[in-house]
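Below is one structure, written out as structure tokens, with a few remarks after it.
Every number here is computed from the coordinates shown, using simple stated rules; none is lab data. Predicted, not measured: the structure shown is a model, and the values here were computed from it.
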Amino acid sequence: MLMERIEIKAPSWLAKLPLREREAILVDAVNLTAKRKIIQLKRQIKEAEEHIDRFETKYGMTYEKFQEKIAPHMADFETHKDDTEWEMWLEVAKEARAILAAIEQQQ
């Protein structure tokens, strides 16, 4: 695994430990945090996909088709609200997938 040096603020008790122990604790902490983040991101992706599926079912099309066929003629509040939420959930899924891929690539 490629390691880079970064500077962090740490509790004084950690700074007082021998270098080898500090590094071991920090590597373990980062690995544990990454595993937790992976779980969180997968949940976030699942939630976003559920919302996206709901909109695709409601309108019977993908967001791209919705933008072509319905968005230019939106006249009511509900359709406008759906458009905004649908786009937000697509962005949530895209961002979560990108972060997940970056973390998993390094695991």
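Odds and ends about this structure:
- For segment 1-47: rounded, prolate or oblate by the Cα gyration tensor [a/c cutoff 1.5]: prolate
- Against the chain, whose longest principal axis comes from its Cα atoms, helix 77-106 is set at around 30 degrees.
- Angle in degrees between helix 19-59 and the longest Cα principal axis of the chain, rounded to the nearest 10: 10
- Segment 77-106 and segment 1-67 have their alpha-carbon centroids 15 Å apart.
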